[in-house]
Amino acid sequence: MSIRAPESVLWDSLRGALVTRALTIVADLGVPEALADGPMTVDDLAQEVGADPETLHRLLRALASDEIFVEEEPGVFGHTPASEALLDPGWSAFAHLFGGVFYRALGELEPTGKTRFPEVFGADFWSWLASHPEERAIFDRAMEQGKQSRVERLDGVDWRGDETVVDVGGGNGSLLVALVDQQPGLHGIVFDLPETVRDEQALGDRIEFVEGSFFESVPAGDVYLLSTILHDWPDEQAAEILRTIRAAARPDSRLLLLEAVVPEGNEPGGGKWLDLLMLALFEGRERNETQWRTLLAAGGFEPVNIEDGLIQARCR
């Protein structure tokens with residue numbers, strides 16, 4: 001139970017939208033990069049990034065009160081460990097999305113179980129991304145955030161040597177590139193929609209990109225890797241994706257899901273909040289262990305191990 005005053009808990013929660021939007025503005029302006037070499041006056045900083053000095057000061061002052069940036073002396077701002085994280089392209093991309101398209105979608109969230117994204121944006125989320133290539137590229141960069149921790153989780157998998165890993169919905173392939181670098185015996189296939197922004201030369205000679213929809217077919221492989229893919233979809237479509245994979249899989253093929261497992265009760269968990277974003281964007285959902293077991297069975301798989309961040313399964 002929190003020892004903070006109830007009013008403080010409520011205030012910090014209610015002002016969350018202000019923090020999100022402020023972060024997006026300063027990230028999109030390039031403030032983190034401008035401060036990379038050290039503190040700057042607001043006037044110099046505003047001139048460099050093309051902002052109104054007074055407004056920029058107010059934004060940074062508010063963020064600094066939450067230890068995102070620091071006012072070293074009156075009117076002079078520098079980095080904190082939290083704001084330095086925005087120098088990571090993945091975090092800056094998330095800042096753009098959360099204060100942009102995600103922000104607008106969450107503003108339309110209603111207790112109906114349905115997304116209003118198509119009504120507001122004129123298309124479903126994935127079609128909207130396809131028609132906005134700059135946003136698609138930012139989205140793909142955001143999906144790279146946390147890549148190293150995901151690769152470290154995959155280090156614990158019992159790799160069998162010369163296996164072909166199919167990264168289903170693998171985006172620009174950065175995760176598979178890192179995995180193949182760590183596991184020299186592996187070969188890989190990045191499988192995703194053609195509009196995915198990627199540098200195929202960066203995939204190297206052990207990875208190929210294959211275009212397609214995981215609702216129709218997937219390439220044959222020894223291991224199927226899905227990194228935060230199934231949470232994008234409601235149960236019916238998520239099961240359909242798994243059945244598509246099961247149809248292409250060999251009897252001994254394995255399934256690896258890099259997904260959150262929502263904790264029970266009042267235990268804190270980022271997945272409980274991400275679950276609301278999934279609902280707002282595309283009626284997706286985060287799942288607890290029971291829900292994962294049910295979904296895997298519906299898709300033709302049975303779990304071998306379920307833990308937060310990595311679910312391993314085999315064909316039934």
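The values are calculated or read from the model by the stated rules, or taken from the named source; none is laboratory data. Just so it is clear, the structure is predicted and the values come from calculations on it, not from any experiment. Here the Cβ is made from the backbone with ideal geometry for all residues, glycine too, and neighbour counts use every protein chain on show.
Could you please let me know if residue 259 is among the acidic types (Asp, Glu), buried (at least 20 other Cβ atoms within 10 Å of the Cβ), touching a residue at least 12 places away in the same chain (Cβ under 8 Å) and in contact with a strand residue (DSSP E or B) (Cβ under 7 Å, 6 or more places away or on another chain)? Can you show your working first?
Details: among the acidic types (Asp, Glu): yes; buried (at least 20 other Cβ atoms within 10 Å of the Cβ): yes; touching a residue at least 12 places away in the same chain (Cβ under 8 Å): yes; in contact with a strand residue (DSSP E or B) (Cβ under 7 Å, 6 or more places away or on another chain): yes.
For residue 259, the condition - among the acidic types (Asp, Glu), buried (at least 20 other Cβ atoms within 10 Å of the Cβ), touching a residue at least 12 places away in the same chain (Cβ under 8 Å) and in contact with a strand residue (DSSP E or B) (Cβ under 7 Å, 6 or more places away or on another chain) - is met.
Counting just the residues of the range 232-248 that are in contact with a Leu (Cβ under 8 Å, 6 or more places away or on another chain) and of a type in the set (A, V, I, L, M), which one comes out surrounded by the most Cβ atoms within 10 Å (Cβ to Cβ)?
Only one residue tops the list, namely 242.
Can you say whether residue 167 is charged (D, E, K, R) and in a loop (DSSP other than H, G, I, E, B), as far as the supplied structure shows?
no
Considering only the range 1-44, how many residues are touching a His at 6+ places or on another chain (Cβ under 9 Å) and of a type in the set (A, V, I, L, M, F, W, C)?
4
Restricting to the range 185-225, give me the number of residues that are at pLDDT 90 or above and in a loop (DSSP other than H, G, I, E, B).
Matching residues across the range 185-225 total 15.
Under the condition of being of a type in the set (Gly, Ala, Ser) and under 22 Å from residue 156 (Cβ atoms), which residue from the range 269-316 is surrounded by the fewest Cβ atoms within 10 Å (Cβ to Cβ)? Reasoning before the result, please.
Filtering the range 269-316 down to residues of a type in the set (Gly, Ala, Ser) leaves 269-271, 280, 284, 297-300, 309, 313.
Cutting the leftovers down to under 22 Å from residue 156 (Cβ atoms) gives us 269-271, 309, 313.
Details: 269: 18, 270: 11, 271: 19, 309: 14, 313: 23.
Among them, the one singled out is 270.
Going by the structure shown, is residue 105 in a loop (DSSP other than H, G, I, E, B), hydrophobic (A, V, I, L, M, F, W, C) and at pLDDT 95 or above? So that I can check it myself, show each step before the final result.
Numbers: in a loop (DSSP other than H, G, I, E, B): no; hydrophobic (A, V, I, L, M, F, W, C): yes; at pLDDT 95 or above: yes.
In short, no.
For the range 173-194, enumerate the residues that are out of contact with any Phe, Trp or Tyr (no Cβ under 9 Å at 6 or more places or on another chain) and in contact (Cβ under 8 Å) with a residue 24 or more places away in the chain.
First pass over the range 173-194, keeping only residues out of contact with any Phe, Trp or Tyr (no Cβ under 9 Å at 6 or more places or on another chain): 174-182, 184, 187-188, 194.
Listed by number, the residues that qualify are 174, 175, 176, 177, 178, 179, 180, 182, 187, 188.
Which helices (runs of 4 or more DSSP H) sit wholly inside the range 226-316 and have at least 1 residues that are under 19 Å from residue 171 (Cβ atoms) and under 14 Å from the mean Cα position of the chain (by Cα)? Show your work before the answer.
On the way: elements: 235-248, 270-282, 289-298.
Where helices (runs of 4 or more DSSP H) fall fully within the range 226-316 and carry at least 1 residues being under 19 Å from residue 171 (Cβ atoms) and under 14 Å from the mean Cα position of the chain (by Cα), they are 270-282.
Restricting the first residue to the range 236-256 and requiring it to be farther than 19 Å from residue 189 by Cβ, which pairs with a second residue that is among the acidic types (Asp, Glu) and at pLDDT 95 or above meet a Cβ separation below 9 Å and a spacing of at least six or different chains?
238/232
Conditions first: (1) modelled with pLDDT of 95 or more; (2) surrounded by fewer than 19 Cβ atoms within 10 Å (Cβ to Cβ); (3) closer than 28 Å to residue 135 by Cα. Residue 229 passes all but one, so which condition is the exception?
The one condition residue 229 does not meet is (2).
To keep it simple, each residue is scored yes or no on (1) surrounded by fewer than 19 Cβ atoms within 10 Å (Cβ to Cβ); (2) aromatic (Phe, Trp, Tyr).
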residue	(1), (2)
105	no, no
112	yes, no
125	no, yes
133	yes, no
163	yes, no
166	no, no
173	no, no
181	yes, no
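Just name the residue that is farthest from residue 41 (Cα to Cα) out of those in the range 69-92 that are assigned to a strand (DSSP E or B) and of a type in the set (Val, Ile, Thr).
Checking each candidate, the answer is 70.
Using the structure shown, decide if residue 139 is within 20 Å of residue 230 (Cα to Cα), assigned to a helix (DSSP H, G or I) and at pLDDT 95 or above.
no
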